[in-house]
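Undergrad: So that we are looking at the same thing, I have put the structure below in structure tokens.
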Amino acid sequence: MRYIKVATAIIIVLSFSISLTIQLFKASENKAHEAREQYLTANHIYDSIQQEVGTLITISKTMSVNSLLHEKLRNETSIPEAEIEKAFSNYLKIIKERFNYKAAYIISEQTHRYYTSKGIEKIVNPQLDPYDIWYQLFLESGKEYDLDTDRDQANDYLWTVFINFRITDENGKMLGVTGVGVTMSALQKMVEQFEEDYKYRINLVDLDGLVQVDTDSNNIENAYISDVIHDKAGKDNFTYAQRGLKGFRMTRYMESLEWFLVIQGTNALSTSYLTIILRHVLICIIMLSSYFYVIHRIGLRDQQNSFQNYSEDELTGLPNRNYFKEAYGELGILNTTRYKSIVIFDIDKFKSINDNRDGDQIIRSVTELSKEAIGNQGLLFRWGGDEFVVLLEMTDDEAAETFTTLCRRIKEKLSITISVGISKINLSDRIKTNYYRAAQMCYIVKEAGGNGVRKS
């Protein structure tokens, strides 16, 4: 009798296994068809957005190679200010009106004048306006062009997508920067229409997962889709990731924007899969529950390890910029009175040092000396490359004294120097504003030759 029961049990299990295999095979054919439709739709969305933003890039590039523009920038100081202001404002007015852009601008490297369709808007000077540091950072990046999402100070602080293009003459001499801006609402309308047509959720995010385009303006440069980083999406095809039982996420890198296109949705056929699986698996629920428990535990462990690697700098073991964003949000407000000052410092002439010495060891040594100096009175981040950020419990005066000593120790022990900028934290300002004030001070030290400390 015992053998009959065992044999019967085996037959029942085999019968259900065969039935499950057949039904899942049929469902997989339907699923493959659905996947093809999803990829076709995703590529259509990608091409449409690429064409829209590609036009912005093309117009900015055309402006940057305009020979008349080059000539006027070269001879700018010999032309009466009113005359060149009128010439540039007329040119930029034509660009705005012809292409219906919200902004069009030219920044002269020679005079740092910021020309718009209204004339000379201001003189770019990061020492007077921390936001102007974007211009110097763009020049130092070495990029031909850069795409940036920010609030437009000249247009009621509306969210705007800017395309900045470097202007150089035939000899490679830097003449300035030009570009155009389109309000976020233009891209939002396109994305909103796609979301309505296909019932998808569509975002453009930067390399850190920070949302740059969203139909909800509250999410722009405030929300994160951090899982995108783990998708390792390339520029040629979409990656596909399952989200739970029903959802999916498709990601593709847009090289011209240096952003990721993220499409999230629900599989229409997921319910039928779920029904098939539950109807068959419930018979063996006791055995499978143990299996799923083990898989779940392994998944949690892998997820925890993945987050740790994502938020920790591999070289120094310090929390990195990703950790800072997850904890505070670069555009958020510090919600604690614990930290009184923010410090930004980097290594002077690091490229040359890295070419002739062990750059990784230098970074590690600077990290150790900095941790000794800060002790338990602050939190040290490796921001990227040779740049570090510190949130300190000290006042800006105490921080200046501490980092003056650190500058001397680093020079004595490592034969290198650092430039340090310090700013008193204003809790009513965004973190980005506090960061720019300290970065501005660091930039001033570096311009003066480095090896020093300056506080705002």
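Undergrad: From a point 7 Å beyond the Cα of T266 in the direction of its Cβ, which residues of the range 232-260 have a backbone N at a distance under 16 Å?
TA: Those under the cut-off are 243-249.
Undergrad: Size of the dipole of the range 63-202 about the Cα centre, Lys and Arg at +1 and Asp and Glu at -1 on the beta carbon, nothing else charged, in debye to 20?
TA: Details: 17 positive and 23 negative charges, 51 e Å.
Charge dipole of the range 63-202: 240 debye, to the nearest 20.
Undergrad: Quick one: if the Förster radius is 51 Å, what FRET efficiency do K199 and E447 give, using the C-beta to C-beta distance and rounding to 0.05? All intermediate terms of the calculation are to be shown ahead of the outcome.
TA: Details: r = 53 Å, r/R0 = 1.04.
After rounding, the FRET efficiency stands at 0.45.
Undergrad: Go ahead and run the numbers for FRET between S141 and K246, Cβ-Cβ distance against an R0 of 60 Å, rounding to 0.05. Before the final figure, lay out the partial values.
TA: Details: r = 41 Å, r/R0 = 0.69.
With a Förster radius of 60 Å, E is 0.90.
Undergrad: Report the net charge of residues surrounding K349, where surrounding means a beta-carbon distance below 12 angstrom and charges are Lys +1, Arg +1, Asp -1, Glu -1. Walk me through the intermediate numbers first.
TA: Details: positive: K351, R357, K446; negative: D346, D348, D355, D386.
My count for the surroundings of K349 gives -1.
Undergrad: Sticking with this structure for a sec: Once fully extended, how much extra length lies between R151 and S67, figured as 0.36 nm per residue of separation less the alpha-carbon to alpha-carbon distance?
TA: Working: separation 84, 0.36 × 84 = 30.24 nm, distance 3.07 nm.
So the chain would gain 27.2 nm between R151 and S67.
Undergrad: For E412 paired with E81, estimate the spin-label separation in nm (one decimal), with each label point 7 Å from Cα along the Cα-to-Cβ line.
TA: Distance between the two pseudo-spin positions: 5.0 nm.
Undergrad: If you don't mind, there's one more thing I want to ask. For the ranges 137-143, 213-219, what's the packing order if you count other beta-carbon atoms within 10 Å of each residue, average per peptide, and put the highest first? Before the final figure, lay out the partial values.
TA: Details: 137-143: 12.7, 213-219: 16.6.
Top to bottom by mean Cβ count within 10 Å: 213-219, 137-143.
Undergrad: Here's a follow-up. Kindly rank 77-85, 436-444 from highest to lowest mean number of other beta carbons found within 10 Å of each residue.
TA: Values: 77-85: 11.9, 436-444: 23.4.
Result, highest mean Cβ count within 10 Å first: 436-444, 77-85.
Undergrad: Test of the criteria: in the range 142-240, which chymotrypsin sites (Phe, Trp or Tyr not before Pro) are in a DSSP loop and have at most 12 other Cβ atoms within 10 angstrom of their Cβ?
TA: Y157
Undergrad: Heavy atoms only, 1.4 Å probe, whole protein assembly: order L40, L210 by accessible area, highest first. Before the final figure, lay out each step's value.
TA: Values: L40 115, L210 10 Å².
Putting L40, L210 in descending order of accessible area: L40, L210.
Undergrad: Okay, next question. Along the principal axes of its C-alpha atoms, what lengths does the range 305-456 span, in descending order and rounded to whole Å?
TA: Between the extreme Cα coordinates on each principal axis of the range 305-456 lie 42, 39, 26 Å.
Undergrad: Quick one: divide the alpha-carbon radius of gyration of the range 388-452 by 2.2 N^0.38 Å and tell me what you get. List each step's numbers first, then the result.
TA: Values: Rg = 12.4 Å, N = 65, 2.2 N^0.38 = 10.7 Å.
The range 388-452 yields a ratio of 1.15.
Undergrad: Let me ask something else. Taking 0.36 nm per intervening residue step and subtracting the Cα-Cα distance, what contour gain separates N426 from A223 on full extension?
TA: On the way: separation 203, 0.36 × 203 = 73.08 nm, distance 2.27 nm.
Length difference between fully extended and current span is 70.8 nm.
Undergrad: Additional query: Pick out, from T417, V445, S428, the residue whose Cα sits farthest towards the positive end of the charge dipole of the range 416-456, with +1 on the Cβ of Lys and Arg and -1 on the Cβ of Asp and Glu.
TA: With unit charges placed on the Cβ atoms, the residue in question is S428.
Undergrad: While we're looking at this one, here's another question. Go ahead and run the numbers for FRET between S365 and E398, Cβ-Cβ distance against an R0 of 22 Å, rounding to 0.05.
TA: Details: r = 24 Å, r/R0 = 1.10.
E between S365 and E398, to the nearest 0.05, is 0.35.
Undergrad: May I pose another question? Working out 0.36 nm times the residue gap between N171 and Q377, then minus their Cα-Cα distance, what length gain in nm do you get to one decimal? Write out the running numbers ahead of the final one.
TA: Details: separation 206, 0.36 × 206 = 74.16 nm, distance 5.04 nm.
Stretched fully, the N171-Q377 segment lengthens by 69.1 nm.
The values are calculated or read from the model by the stated rules, or taken from the named source; none is laboratory data. Being a predicted model, the structure only gives us computed values, none of them experimental. So basically every Cβ, Gly included, is an ideal-geometry build from the backbone, and we count neighbours across all protein chains shown. Heavy atoms of the whole protein, side chains included, go into the accessibility calculation; ligands, DNA and RNA do not. Shrake-Rupley method; radii C 1.70, N 1.55, O 1.52, S 1.80 Å.
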